[in-house]
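Down below is the structure, laid out as structure tokens.
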Amino acid sequence: MSILALEFSTSHRSVAALDPATGRQGFAEQTEGRATDAFGLIRRALDAAAMDVTDIDRVVVGLGPGSYTGIRNAIALAEGWAFARGIRMAGFSSVESLACRLFAEGCRDRVRIVVDAQQREFYVADWDLTGEAPIEQAPLRIVPAEKARRVPADMRLIGPDARRLDPDAAEAHPAAWMLARMAAASPAAEAPPGGLKPIYLRQPTFVKAPPPRPIPPV
């Protein structure tokens, strides 16, 4: 079961390929430019893992929160790939994958992961990384910026947008290689066609369009 992982929720966009059975893996990242070179990233990740597109039988996506456009692009790519090749797909929280990445890289602190939610608000989630595995202490929520930056003395502020709250905070981004590991650890996780949705906690608002104006005869 070879996995292709897509993480486009932040400015550090990445793709990973992983074959859990053999340990073959490849990773590619783009940190510059507004447009995501999705197919270039896929090709580089597959080449690094010595894989071909035909080796992939599962596609996983980081569902955010984060860049709505980036997440939607990743979902569209995953759904197109899954439909065209008849393979499975799944999605995971990008915030959870970042917590797992921090833990895998040796962080053993309590952390508040923050992601810009626009409108002077932030997505925040509190994680305890001090034990044998990451534990979510407070679930993802949207709070005003002033509340997001107030953390206990023993907690670190960290995330892709943490420095917008505190210039001394640590910047960190979710990565596709961790998504691939999470998928390998959860082989039964699967989304039905059309079932991948961005994590977006705000309720949508709709503004009724004004009635059309009559056009006077010429």
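List of remarks:
- Karplus 3J(HN,Hα) series, Hz, for the range 181-186 with 6.51 cos²θ - 1.76 cosθ + 1.60 (x for Gly, Pro): 5, 5, 5, 5, 7, 10
- For the chain, the antiparallel share of DSSP beta bridges with both residues in that region comes to about 60%.
- Length-normalised contact order of the chain in % [C-alpha pairs under 8 Å, at least 6 apart]: 22
- The range 8-62: C-alpha gyration tensor shape, a/c 1.5 cut-off, then a/b vs b/c: prolate
- 222 nm mean residue ellipticity, helices alone, for the chain (DSSP H n ≥ 4; -39,500 (n - 2.57); rounded to 500): -7500 deg cm²/dmol
- In order along the range 94-101, the phi-based Karplus estimate (6.51 cos²θ - 1.76 cosθ + 1.60, θ = phi - 60°) of 3J(HN,Hα) comes to 5, 5, 4, 5, 5, 4, 5, 5 Hz; Gly and Pro are listed as x.
Each reported figure results from applying straightforward, stated rules to the coordinates on display, with no laboratory input. What you see is a predicted model; the values in this text were computed from it and never measured.
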